[in-house]
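To start, the structure itself, in structure tokens.
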Amino acid sequence: MVTAGEAMARWKGLPRRRLLDTLVNLLPWLMVMTLGGVACLFTDKFLTPTNLSNVLQHAAPLGIMVVGEAICLMVGYFDLTVESTLVLSAVFGAWLIADHSLASGLQINPYLGIMAMLAFGAATGLFQGFLIVKVKANAYITTLALMIFIYGLGMAYVKGGGIFPLPYAYRALAVSRIGPIPTSVILLFSVYIVFHLFLTRLPLGRFIYAVGGNEAAARASGVNVDRVKMLAFAISGLTAALAGVIVSGRMNTVRMELSTGAIFEIIAAAVIGGVSLQGGKGNVLGAFGGVLILVVIGNLMAIFHFPPFAVGAIRGAFILVAALVDAIRRRLG
């Protein structure tokens, strides 16, 4: 049995880098617990099962998009198109399952529509990766231009209106439950578990860290760097489309308002969760902590009836904190 003295000696003997890494990994979860503790001091509404369920359901689409964004950041790129891809994928999926989608008037099975929608999102991300990696287009300008272009395509199709109602089979991921647990929450946890295992257990996942950490060394080691980068963008498009299924299913409509302009909050959640803006560092479980921070803050603002004009200021402060956290992490690292 380890005595208290031995435990303390081991703690003091930890290398400084390892100690700092541990604190950085725990930071988002410490912030979540602090927010929750403060909330419990001032209201009894926060820890109710209904409110916690609402928090996780609101976290589902945001959290799924953060996974894809985090993987892009790990290879050293921003993906500004995730929300636009969410909208256009939802438009594509709704078009496929609508009665008028085929000349024959037949309706495509909603499950096939969802699969096609996910493939469409992944293909959109892959095309973006091709332009950046193979054509050597500027990454920031390319993602910005595609964000505007993709959003414009969706706007052109819906013409300022919407596509509704949607079949229940399509909406099931967003509104159904398995026992007392919302299906969207189960999907959220499943996505994080799958991509955590992908990044930590599979060689291809480890290549993502290698490319983001030192591209030249990864290339010299035989890693197909271009393929890894394009894969990261494809994953980002895939997760954006999956989030689109949840958002449109919850609203029972596909409208351009599905895009809320939260792209920089998505990036900030990943960064506060430990993903480096310089690439090569971070993990999706930490990014999930960043998502919870953002969602809990929004939930507390609703509980305490914050005025609408304060929302923008708080969002801006959250993004600024993410930038400062990343700067401090790089200086300590």
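On full extension of the chain, what length is gained from Ala169 through Tyr111, given 0.36 nm per residue of separation minus the C-alpha to C-alpha distance?
Going from the current span to full extension adds 20.2 nm.
For region 133-234, what ratio Rg/Rh do Cα atoms give with a Kirkwood hydrodynamic radius?
Rounded to two decimals, Rg/Rh equals 1.11.
May I ask you to derive the FRET efficiency for Lys45 and Leu204 from their Cβ-Cβ distance with R0 = 30 Å, giving the value to the nearest 0.05?
The value I calculate is 0.10.
Which distance in Å, rounded to a whole number, links the C-alpha centroids of region 38-93 and region 117-172?
That distance is 18 Å.
Quote the relative contact order of region 17-332 in percent (integer), defining contacts as alpha-carbon pairs under 8 Å separated by 6+ residues.
33
What is the total of Lys pairs in the chain with C-alpha atoms under 28 Å apart, excluding same-chain pairs fewer than 8 positions apart?
Lysine pairs meeting the criterion: 6.
Okay, helix-only estimate at 222 nm for the chain: each DSSP H run of n ≥ 4 adds -39500 (n - 2.57), divide by all residues, round to 500 deg cm²/dmol; what do you get?
So the helix-based figure for the chain works out to -25500 deg cm²/dmol.
If you bin the C-alpha pair distances of region 53-158 every 10 Å from 0, what whole percents do you get?
Binned Cα distances yield the sequence 14, 38, 32, 14, 2.
Ala137 versus Phe309, label points 7 Å from Cα toward the beta carbon: distance in nm?
4.1
For the chain, compute Rg over Rh where Rg is the Cα radius of gyration and Rh is the Kirkwood radius from the inverse mean 1/r over Cα pairs.
Answer for the chain: 1.00.
Tell me the net charge near Leu300. Cut-off is 14 Å between Cβ atoms, Leu300 excluded, with +1 for each Lys or Arg and -1 for each Asp or Glu.
Surrounding charge for Leu300 is +1.
Counting other beta carbons within 10 Å of each residue's own, what order do Lys45, Lys134, Lys281 fall into, fewest first?
The most exposed by this proxy come first: Lys134, Lys45, Lys281.
Please state the equivalent ellipsoid semi-axes for region 173-217: what are the square roots of 5 times the Cα gyration tensor eigenvalues, largest first, in whole Å?
Gyration-tensor ellipsoid for region 173-217: 34, 9, 6 Å.
Taking the Cα centre of the chain as origin, work out the dipole magnitude from +1 charges on Lys and Arg Cβ and -1 charges on Asp and Glu Cβ, in debye rounded to 20.
Dipole about the Cα centre, nearest 20: 780 debye.
Report the rotationally averaged projected area of region 251-333 based on its alpha-carbon convex hull, in square nanometres.
Mean projected area of the Cα convex hull: 6.9 nm².
Only the coordinates and a few stated rules stand behind these numbers; no lab work does. From a predicted model like this one, the values you see are computed outputs, not experimental measurements. Methodologically, a virtual Cβ is constructed for each residue, glycine included, from the backbone with ideal geometry; neighbour enumeration extends over all protein chains shown.
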